[in-house]
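**Q** One structure, pasted below without further comment.
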Amino acid sequence: MNPADFDQLVDAAFRRIPARFRKRMTNVALMVEPEPPADRVGPGHTLLGLYEGRPLTHRSVFETIAMPDRITIFQGPHERLARNPEHLTSMIEDTVWHEVGHYFGMNEAQVRAAQRRRKRPAK
């Protein structure tokens, strides 16, 4: 897939984040990179996305201006793991949600639990 088309999928996934969360996301850049940095991925592992910054729950109103936080979505790993275009779209959406969870201060276990709750069908 060409990078521009992948960027559009990432943008669409971000727009599916409920507005009540997106409104609270300030000073954060959503980026797409072809591959994760080699020093961030252990042997036999893959990295679909990465949040870099200071989680919202650890900030203070007294802090000085800071560089933007960064959410990076990695195109290559998504494409290699996706079974079909629909699966790719779903994976990208899951990854964006996952990294946004980290922005809001959730640790890995909390993010994964929230993802499981999000995927449950409504009763």
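**Q** One residue is enough: does the stretch 65-84 have a residue meeting the conditions modelled with pLDDT of 90 or more, loosely packed, with under 11 Cβ neighbours inside 10 Å and not in a loop (DSSP other than H, G, I, E, B)?
**A** Yes: one or more hits.
**Q** Scanning for something crowded, with 19+ Cβ neighbours inside 10 Å and in contact with an Asp or Glu (Cβ under 6 Å, 6 or more places away or on another chain), does the stretch 93-101 turn up at least one residue? Steps first, please.
**A** Step one: filter the stretch 93-101 for residues crowded, with 19+ Cβ neighbours inside 10 Å, giving 95-101.
Subsequent filtering for residues that are in contact with an Asp or Glu (Cβ under 6 Å, 6 or more places away or on another chain) retains none.
No, the conditions are met nowhere in the stretch 93-101.
The values are calculated or read from the model by the stated rules, or taken from the named source; none is laboratory data. Since the structure is predicted, the reported quantities are computational estimates derived from the model, not experimental observations. Note that each Cβ is placed from the backbone with ideal geometry, even for glycine, and that neighbours are counted across all protein chains shown.
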